[in-house]
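S.K.: Structure incoming, see below.
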Amino acid sequence: MISAVEKIREFMKKQGVEYLLVNSANKYLEEYTPLEENSRYILTDFSGSTGDVLVAPETIYLFVDGRYHIQADLEVNHEIIDVVKLQTGQSFLEELVKKIPEGNILGIFSKKNSQKRVEYLEEKGLKLKYFDNDPLDEQISYDSSNVVAVVGVSVEEKIKDINFDGAVLITDLEEVSYLFNLRDFSKNYSSKIRGKAVILTGRARMLEDIDDFVESYQGNIYVDKASINAYDFALIGDKVKILENSPIKLMKSVKTNDEIEHYKEAFRRTDLAVKAIGDYIENNDNISELDIAEQLEKEFKRYGAKSLSFKSIVAKDKNSALAHYSKCSKDEILKDGSLVLIDCGAYYEQGLATDITRVFVKGTPSELQRRVYTTVLKMFLNAFNSNLKTGYEIDNLVRKIYSENEIDGFVFNHGLGHGIGVSVHEYPPNLSKNEMAKVQIKDNMCFTIEPGLYNENYFGVRLENSCYMKDGKICSFVHMNYEKKLIDFSLLTEQEKEWLKEFEVI
């Protein structure tokens, strides 16, 4: 049987390109693309949620951010894959461009790259050749029979103030799901429906694909270049008009008061599930990562979860240094002193994703475990209690706190947080060193604060609360307490000890 690498090399030879971009996304540009639709995974065996590949004449480059440096090293065949480890603030596209000599052509799958991305590559001087179909794709059917309606502001109310001299095309699945108050709970790790939508004056309708609509509609068609793929953009042709931002993207990022109340209840139940798993770890011996993951899903279901919002991360000891470790091995058995990082979440009735990370210890912790844990806790408490209004500023504050309390060999190599909603990652808002984090966080925007420190020779600690902004103040949906055994109170200021009292409820 021909391998994926051979198939791609044969395709490139036939098409006359020496460089080819292979994506983790599908035609909907989903972040958490199912692995069976993820060409990058099929090509490299790397199972992380993000990270694209450049196939070059002599090697295959896999670009991964700090969350995946260790995981990528463990999963790929280094004889054929060169892992490019992006550092905080480094851009994948900038590093990609550096790998392609001037004058060479880069092959692009037009349905799997946003128009914004391909224009960036063109602006950098690359010559692009577009392909409609990816040779690694297989025919996968989508069952829409389990799509359900959820309570929310009506479509008519949402679009009443959207007035353009033409049609607004919505191609982002989160936005389509939000607009029509529809969710699909038939599969884990997503509540999104699949489809596209068009908004006309006073009305909106679903589209399976845009071909027929584009052909028949004679007016302007407005699109967001960040969420429309290059294939659809080209299809629209000279009818296209550019949106600075999708009006639905901005709308869904500011939750209604009803959505905030739903989130409070959803996180109350999430807290209870995580508290139960902490007790399970404390009271049971000879349990594995897999045992914990399976018990955790049972606890979520016990408290009414429809499905998980992403694959739970249950990582002990050295595995916890992999920020997005996803194996949950039955062979990784907890022993006295084992540190366990659990990053998890679920969907409840409204189909909004919860997200929380807590770290537990089996038995007696080491001094190093206590020091690292307490330092991460300091980073969280200062971020949470800051009066800063942009994620960029909050992220900078946390890095400053760490620079004043640095622990040799431990790195904080990912952004501080992300927006949450229909998907567990959404934008806006964003908390990181990226330009997009300079957007002000508005009231009722929901987001995570999740500092972490990692050392691949020891362990990692990440502490994540999902939060929301109210009257200019950060509030926490999560009230789950912290692991007192792991807190070195001598490292906390009196102010930090006072702040910590808010999280002693459960």
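S.K.: Among (1) of a type outside the set (A, V, I, L, M); (2) surrounded by 14 or more Cβ atoms within 10 Å (Cβ to Cβ); (3) modelled with pLDDT under 95; (4) closer than 18 Å to Met251 by Cβ, there is one condition Asn181 misses while meeting the rest; what is its number?
M.R.: Every listed condition holds for Asn181 apart from (3).
To keep it simple, each residue is scored yes or no on (1) touching a residue at least 24 places away in the same chain (Cβ under 8 Å); (2) within 24 Å of Asn319 (Cα to Cα); (3) of a type in the set (A, V, I, L, M, F, W, C); (4) touching a helix residue (DSSP H, G or I) at 6+ places or on another chain (Cβ under 8 Å).
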residue	(1), (2), (3), (4)
Glu58	no, no, no, no
Tyr68	yes, yes, no, no
Glu79	no, yes, no, no
Gly89	yes, no, no, no
Val97	yes, no, yes, yes
Pro101	no, no, no, no
Lys112	yes, no, no, yes
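S.K.: Please work out which one of (1) within 16 Å of Arg40 (Cα to Cα); (2) in a helix (DSSP H, G or I) is the condition Asn133 fails and give its number.
M.R.: (2)
S.K.: Restricting the stretch 382-428 to residues that are in a loop (DSSP other than H, G, I, E, B) and free of Cβ contacts under 8 Å to residues at least 12 places away in the same chain, which is surrounded by the most Cβ atoms within 10 Å (Cβ to Cβ)?
M.R.: Leu388
S.K.: Given the condition touching a Lys or Arg at 6+ places or on another chain (Cβ under 7 Å) and in a helix (DSSP H, G or I), answer yes or no: does some residue in the stretch 296-310 qualify?
M.R.: The answer is no, given that none of the residues of the stretch 296-310 is touching a Lys or Arg at 6+ places or on another chain (Cβ under 7 Å) and in a helix (DSSP H, G or I).
S.K.: Then there is this: In the stretch 184-230, how many residues are surrounded by fewer than 22 Cβ atoms within 10 Å (Cβ to Cβ) and part of a helix (DSSP H, G or I)?
M.R.: 6
S.K.: I would also like to ask the following. Any residue that is modelled with pLDDT under 95 and surrounded by 24 or more Cβ atoms within 10 Å (Cβ to Cβ) - is there at least one of those in the stretch 346-360?
M.R.: No, that holds for no residue.
S.K.: How many of the residues in the stretch 98-115 are in a helix (DSSP H, G or I) and surrounded by 15 or more Cβ atoms within 10 Å (Cβ to Cβ)?
M.R.: The total comes to 4.
S.K.: Here's something else I'd like to know. Which of the residues spanning the stretch 25-78 are among the acidic types (Asp, Glu) and either assigned to a helix (DSSP H, G or I) or crowded, with 20+ Cβ neighbours inside 10 Å (or both)?
M.R.: Within the stretch 25-78, Glu30, Glu36, Glu37, Asp52, Asp65, Asp73, Glu75 qualify.
S.K.: Give the residue, chosen from Asp443, Asp488, that is out of contact with any Ser or Thr (no Cβ under 9 Å at 6 or more places or on another chain) and at pLDDT 95 or above.
M.R.: Asp443
S.K.: Taking the conditions exactly as written (basic (Lys, Arg), farther than 24 Å from Asn257 by Cα and not in a helix (DSSP H, G or I)), does Lys433 satisfy them or not?
M.R.: yes
S.K.: Restricting attention to the stretch 354-372, which residues are touching a strand residue (DSSP E or B) at 6+ places or on another chain (Cβ under 8 Å) and either assigned to a strand (DSSP E or B) or within 26 Å of Glu404 (Cα to Cα) (or both)?
M.R.: Ile356, Thr357, Arg358, Val359, Phe360, Val361, Pro365, Gln369, Val372
The values are calculated or read from the model by the stated rules, or taken from the named source; none is laboratory data. Keep in mind it's a predicted model, so treat the numbers as computed, not measured. Cβ atoms come from the backbone with ideal geometry, glycine included; neighbour counts cover every protein chain shown.
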